[in-house]
1. Mind counting the residues in the range 318-331 that are more than 20 Å from residue 495 (Cβ to Cβ) and either open to solvent by less than 50 Å² (accessible area, probe 1.4 Å) or part of a strand (DSSP E or B) (or both)?
2. Can you find a residue that is free of Cβ contacts under 8 Å to residues at least 40 places away in the same chain, within 18 Å of residue 481 (Cα to Cα) and open to solvent by 50 Å² or more (accessible area, probe 1.4 Å) anywhere in the range 2-16?
3. Are there any pairs, at least 6 apart or on different chains, whose C-beta atoms fall under 8 Å, with the first in the range 254-283 and over 17 Å from residue 124 (Cβ atoms) and basic (Lys, Arg) and the second within 16 Å of the ligand (Cβ to nearest atom) and part of a helix (DSSP H, G or I), and if so, which?
4. Here is a check on your reading of the model: is residue 210 within 16 Å of the ligand (Cβ to nearest atom), under 24 Å from the mean Cα position of the chain (by Cα), among the acidic types (Asp, Glu) and in a helix (DSSP H, G or I)?
5. For the range 483-498, how many residues meet the condition of being within 14 Å of the ligand (Cβ to nearest atom), assigned to a helix (DSSP H, G or I) and not β-branched (Val, Ile, Thr)?
6. So residue 59 clears everything in (1) touching a Lys or Arg at 6+ places or on another chain (Cβ under 7 Å); (2) open to solvent by 20 Å² or more (accessible area, probe 1.4 Å); (3) outside any helix (DSSP H, G or I) except one condition, right? Which one?
7. Give the range 317-341 a look and list any residue that's under 20 Å from residue 159 (Cα atoms) and aliphatic (A, V, I, L, M), or say none.
8. Quick check on my filter: what residues within the range 122-155 are away from the ligand (no atom under 16 Å from the Cβ), in a helix (DSSP H, G or I) and open to solvent by 10 Å² or more (accessible area, probe 1.4 Å)?
Amino acid sequence: MADKWQALKEHQARVTDRALISLFDQKDRAQAFTVALGAMRLDYSKTNIDPAAKALLLDLAEVSGVAAKRAAMFGGEKINDTEGRAVLHTALRAGIDSKVIVEGVDVMPELRKTKARMAIFAREVRTGKFTGQGGKITDVINIGIGGSDLGPAMATLALAPYHDGPRVHYVSNVDGAHVADVVKGLNPETTLVIVASKTFTTIETMTNAETARKWMAASVANPAAQFAAVSTAADKTAAFGIDPARVFGFEDWVGGRYSMWGPIGLALTLAVGPEAFEDFLAGGREMDDHFLTASFDQNMPVLLALVGIWHNQICGYTTRAVLPYDQRLSRLPAYLQQLEMESNGKSVAMDGSALPTHSGPVVWGEPGTNGQHAFYQLIHQGTRVVPCEFLVAKQGHEADLAHQHLLLVSNCLAQSEALMRGRSLAEATAIMAQKGLTGAELDRQARHRVFPGNRPSTTLVYPKLTPFVLGQIIALYEHRVFVEGVILGLNSYDQWGVELGKELALALQPILEGASAEAKDGSTQALVEYLRG
Ligand code: F6P
């Protein structure tokens, strides 16, 4: 294995100074470095990956055992072996006739039952058969955090054109400002609260759920009647007082950040309806089929992962910008931060040894064109290279604003072109000379206007941001994380790195209330002194 990494590094060293644009001397470069799934295209031709690098990367994927691990995941094996769990979010979107066996039992009948109950409940709420104590439900508050918030919140925003149900709001932060701002202006008599928590122990969620219950109790006789829950912990939802008829369960083999395809998608289902939610699942399913069957050199998640490995572990670029030219995907970067960084931000390999390479990159981003007026300066002229991932739809939903969509698309394409081409000193000098500058001032001013170029990007294009396409996009990223994780040799499905902070926060509560801070470091002691004063 080490020799494969070495071969890639040596190849990268040989080609590092080459102009990306020169790769297009090969006439079919764009076609050869674009992968399709139906009407969706992933163009990775504006990277420094050439046929030799691609072959080496594909080889790395082969020898890393991606195919075997993929079969193990879909087959229900306990690939999350630090928690002793299978990884089966794909079962949540599996086809009607599928069988998925976990420890000898087909889990699909139970999943289908829960899905049917979810659809019935969603229809009842949406039609007004299920009412609040003041009539038809007008608003839904989903209380959850991390995977119990980011996915459905991102998708609810993404699918705004499909909303025809109650208004859906999301509360996640333990900062009381969040719940206070959301409930302000809502009518408790016509609000449904969903407490979404895989474990039903997460302090933020349980605290916000208590606050919401008090808010509702101040106005309605039976607050519990307007609460639903989504969790793996039926005993805890019962202890909280939620009627089992409105509890939608799932199994521990669905990871929190992979859970939006099942009951955690309840708030989204209420917003867009069970049919649109079904289309979302179908999009994910299509990506699953593609991931399972396409050869690696035509496999979108595999290739996207290999681009990631090339940029992060081989080229040493430490961050990755996700830049959707799609305003409704404005929460996608935040969603991907959890998906990618909680999954692959680890320094220990499966066997407990230190990871021989760096872990996954820092993922960040904002929608275009907004980002262009904020941080693109650094992306174009900063000293560090930031690989960029553009996403853009062929068509917007606003037919009467097609001219704005054209502007959006032209900006998206312009940015990837500018990043690749750059502007040389000679070009900048010619431009400034035309403006009348001469001599040393011409040279000085021209230098500020140089764009180094050679900055890599990928572009994902899709017909329109429909529920189906959103499903494809999310499943694409999930499988990309899986492939990167297998190649890096780590477990993408645990998250021990979030535990220490939680433990220390618990210990700090009594200290903030007055207990001795003696055992704490000097900085923490001083901050405690200020904050509890
Ligand atoms: O603290 C991290 C985490 O465990 C995430 O992995 C998870 O998505 C989130 O907290 C919320 O967990 P739960 O759904 O159990 O409330």
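1. Qualifying residue count for the region: 9.
2. Scanning the range 2-16, I find no residue that is free of Cβ contacts under 8 Å to residues at least 40 places away in the same chain, within 18 Å of residue 481 (Cα to Cα) and open to solvent by 50 Å² or more (accessible area, probe 1.4 Å), so the answer is no.
3. Sorted first by the residue in the range 254-283, then by its partner, the pairs are 257/146; 257/147; 257/150; 257/151; 257/338; 257/339; 257/342; 257/343.
4. no
5. 2
6. So the condition that residue 59 fails would be (3).
7. 322, 323, 329, 332, 334, 336, 339
8. Scanning the range 122-155 gives 123, 124, 126, 127.
The values are calculated or read from the model by the stated rules, or taken from the named source; none is laboratory data. Computed from a predicted model, the values in this text were never measured in an experiment. Heads up, the Cβs are rebuilt from the backbone with ideal geometry, glycines too, and the neighbour counts pull from every protein chain shown. When the accessible area is computed, the model is the full protein with side chains, heavy atoms only, and any ligands, DNA or RNA have been set aside. Shrake-Rupley method; radii C 1.70, N 1.55, O 1.52, S 1.80 Å.
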